[in-house]
Each structure stands twice: as structure tokens, then as C-alpha cells.
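Asker: Have a look at this one.
The values are calculated or read from the model by the stated rules, or taken from the named source; none is laboratory data. Source: prediction; values computed, not measured. Methodologically, a virtual Cβ is constructed for each residue, glycine included, from the backbone with ideal geometry; neighbour enumeration extends over all protein chains shown. Note: areas computed on protein heavy atoms with side chains; ligands, DNA, RNA excluded. Shrake-Rupley method; radii C 1.70, N 1.55, O 1.52, S 1.80 Å.
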Amino acid sequence: MLDLAPERPEARPSRAPEAPPLLVRALRGEPVERPPVWFMRQAGRSLPEYRALRRGRSLMELATTPELAAEVTLQPVRRHGVDAAILFSDIVVPLAAVGVDVEIQPGVGPVIGTPFRTAADVRRLRPFEPDHDLPELGEAVRLACAQLDVPLIGFAGGPFTLASYLVEGGPSKSQARTKALMLGRPDLFRVLLDRLAAIAAASLRAQVRAGAAAVQVFESWIGFLSRSQYERHVAPPERALFDDLAGLGVPRVLFGVGTGHLLEAMAGAGPDALGLDWRTPLAEARRRLGPGIALQGNLDPAALLAPWPAVRAEAAALLSDAPRTGYIFNLGHGVLPETAPDVPGRLVELVRRHALEVVA
């Protein structure tokens, strides 16, 4: 009998799902073939191509023009071959988007036109709605991700660091006004931090929706606090921030400067990884925190200004101290503007060669 049944299409082998990027696996504490490497402040400052693009433009203009922000984000990936990009922006950009009078002054940093000192000041800090207030943020992430073959890291300022700029009116070497408000008006300070944590969470959610594969919260100034001050005044809103991000499904990093005395308290806020500055040895951090949280860091940025043999020795010593899993090679703070443009790329190659030598 003639079989008139339609021919069945030839079975095609199913494609195995792509493995998560190296950075994401390391941040999750999963086994990796080598440590991923990227650098804070890798986008800009030390790169001649960035300086050419910056000429005649303000940092705020670059950060809020999607095509320009995406281009600066891509520049260090092209030049250095790093394992991740980080969005080019500034932590105060969302504040400007909600009406805060802020200017990023060259050589100074963010300067607030009318500092926050009273309850009336705090009340004027409204919620951040990224799609309405700053659609350029998501567009910059989308443009960059469309051209990247490595993951993009989104970022935001932590609530204490943002509060510091608002209260002090600009960068501070003592955080005196900020701590005075924190201690003298803890209720008002908590409202301020809660609002700033919500702004950071909204910004990070928008970046992840647009394609960011990980996020980092920069709490640059929390090292000025004692552990009890951090636990009482800052940890609760910071924990709320990380809880808010938990459902995004991407690794969350918390970074601060001068925070060796705060590591356990910071880990308790709920991040998946802690960024370390150069003051805390990696082995000590792993001993104190255990294997349940990834570590990122922590080469002294000043080392990159030394002759290459010294850079190589410092990096090799750091890698020897680093844990085998749950580790991302980075600096202990941002790339300094004086850094020779070729040095970060040479460091990337050194980290990769080190991994091959360990395996061999």
C-alpha cells in the first residue's frame, strides 16, 4: 500500500544553551577557567580616544547622549580586551534627571547648587522614573550591548555616597556635615537614604531591562563610617536596595573605599560580591567572609604608574593571593588619569597568562 503520510522533517540536533559569560559565572561563585578582568573607570580619563571625544563637551553631555555614552563604554573593550564593559555615566546623573541642581566640575567632581540640609530639602527629592526622566539611560545600554561580545555592567551610586554629595554640596574629605545630619537627625537621614536607595534601584532596573548582565553599587564614602554607624544608619536602606534588585536575576556587586572594617557588615546587606580596595588582602577577606560571596579587586591603581616590572610583580602577588573561585581581577579603585593607555591591556594579558601557567 502506498504510504501517503507527509514526510516528517528531519530531526535537528538541539542547540545547547550558551554558557553565561565568564564574569557572571565568577560573580556567582561558579568554577571558571580563569579570573575575569575589568577595571573601574576603564571608560575614559586615561584613553586618548576618550579625551578626543570629550573635547568641547561636558561629562554630563557625554553621559546623556546615548551614542556618545555607548561609544565611550566600548572604547576600553576595544583597546584592552577586558572581559566586561561598564556603562559610561556618573552616579549623579539620575539626581540631575529628577531636578537636583548638580554640575560635574572638571577636577572637582559633582557640585550641588543648593545643598540638602533640611526636611524641606529632602521633600523635594522626588522618585526617579527612568523611562520618563532619562530614557537616554536605557538607550545607551541598548546601543552598547548591541555592539559588545562581553557583558555590560550597570551601576549606580549607593545611598550614603549620594547623600554625601547632596548634604556636603560636593566632594568632602571628612563627611562632617553628612555625619552630623546622620547623628543629629537620624529620622530625616533615613528618609533621605531611603529615597536615594529607591532612585538607585530604579536606575539599575532600567539598565538591566536594557541588557546589563550585572550591576555594581558604588558606596565610595562609607569608609568614613564606623561599623556601628554603618550598621545602624546605612545597612537598612542598602539592604532594601539589594533586596529590590534580587528578582532581576543578575549578580549584584557592592564596592566601597577604606572599608576593611566593614566587610562583614557590607556582606550582610545582601550583595553577591564585594569589591575591595587595595588595603585589604584578598586572602584575609576570603577568610573573614567565607566562600559564599565573590570578591573583586584589588590592585592599587597607583601601581599602574610604576615601571612595568613593578606592575607585573604587584599583579602576580595579588593573583597568588586570590581565591580560585568567586574572584574577579580589578583595581582597588578607578584607573588614574595619568595611567599610560597600554598598561591596562598588558595587565589583561598578564592575568590570562597567569591562569594558563597555573593550569600547566
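Asker: Kindly list the number of the only condition in (1) outside any loop (DSSP other than H, G, I, E, B); (2) in contact (Cβ under 8 Å) with a residue 24 or more places away in the chain that fails for residue 132.
Answerer: Every condition holds for residue 132 apart from (2).
Asker: Quick one: how many residues across the range 282-328 are within 21 Å of residue 270 (Cα to Cα), buried (at least 21 other Cβ atoms within 10 Å of the Cβ) and either in contact with a Phe, Trp or Tyr (Cβ under 9 Å, 6 or more places away or on another chain) or polar (S, T, N, Q) (or both)?
Answerer: 6
Asker: Return yes or no: is residue 319 in contact (Cβ under 8 Å) with a residue 60 or more places away in the chain and under 30 Å from residue 188 (Cβ atoms)?
Answerer: Numbers: in contact (Cβ under 8 Å) with a residue 60 or more places away in the chain: yes; under 30 Å from residue 188 (Cβ atoms): no.
For residue 319, the condition - in contact (Cβ under 8 Å) with a residue 60 or more places away in the chain and under 30 Å from residue 188 (Cβ atoms) - is not met.
Asker: Might you let me know whether the range 336-354 holds any residue that is in a loop (DSSP other than H, G, I, E, B) and acidic (Asp, Glu)?
Answerer: Residues of the range 336-354 in a loop (DSSP other than H, G, I, E, B): 336-342.
Now drop any that are not acidic (Asp, Glu), which leaves 338, 342.
Within the range 336-354, one or more residues are in a loop (DSSP other than H, G, I, E, B) and acidic (Asp, Glu).
Asker: Just give me the residues in the range 200-233 being part of a helix (DSSP H, G or I), open to solvent by 10 Å² or more (accessible area, probe 1.4 Å) and of a type in the set (Phe, Trp, Tyr), in sequence order.
Answerer: Within the range 200-233, 224 is the sole residue that qualifies.
Asker: Every residue in the range 246-270 that is assigned to a helix (DSSP H, G or I) and surrounded by fewer than 23 Cβ atoms within 10 Å (Cβ to Cβ), please.
Answerer: Within the range 246-270, 246, 247, 248, 260, 261, 263, 264, 265, 267 meet the criteria.
Asker: Still on this structure: For the range 170-195, give me the residue count where each residue is touching a strand residue (DSSP E or B) at 6+ places or on another chain (Cβ under 8 Å) and open to solvent by less than 60 Å² (accessible area, probe 1.4 Å).
Answerer: Within the range 170-195, residues that are touching a strand residue (DSSP E or B) at 6+ places or on another chain (Cβ under 8 Å) and open to solvent by less than 60 Å² (accessible area, probe 1.4 Å) number 1.
Asker: Additional query: Exactly one condition in (1) touching a helix residue (DSSP H, G or I) at 6+ places or on another chain (Cβ under 8 Å); (2) at negative phi; (3) open to solvent by 10 Å² or more (accessible area, probe 1.4 Å); (4) in a loop (DSSP other than H, G, I, E, B) is not met by residue 236; state its number.
Answerer: (4)
Asker: Taking the range 17-33, which residues are under 16 Å from the mean Cα position of the chain (by Cα) and open to solvent by less than 70 Å² (accessible area, probe 1.4 Å)? First the steps, then the outcome.
Answerer: Just the residues of the range 17-33 that are under 16 Å from the mean Cα position of the chain (by Cα), to begin with: 23-24, 26-28.
Across the range 17-33, the qualifying residues are 23, 24, 26, 27.
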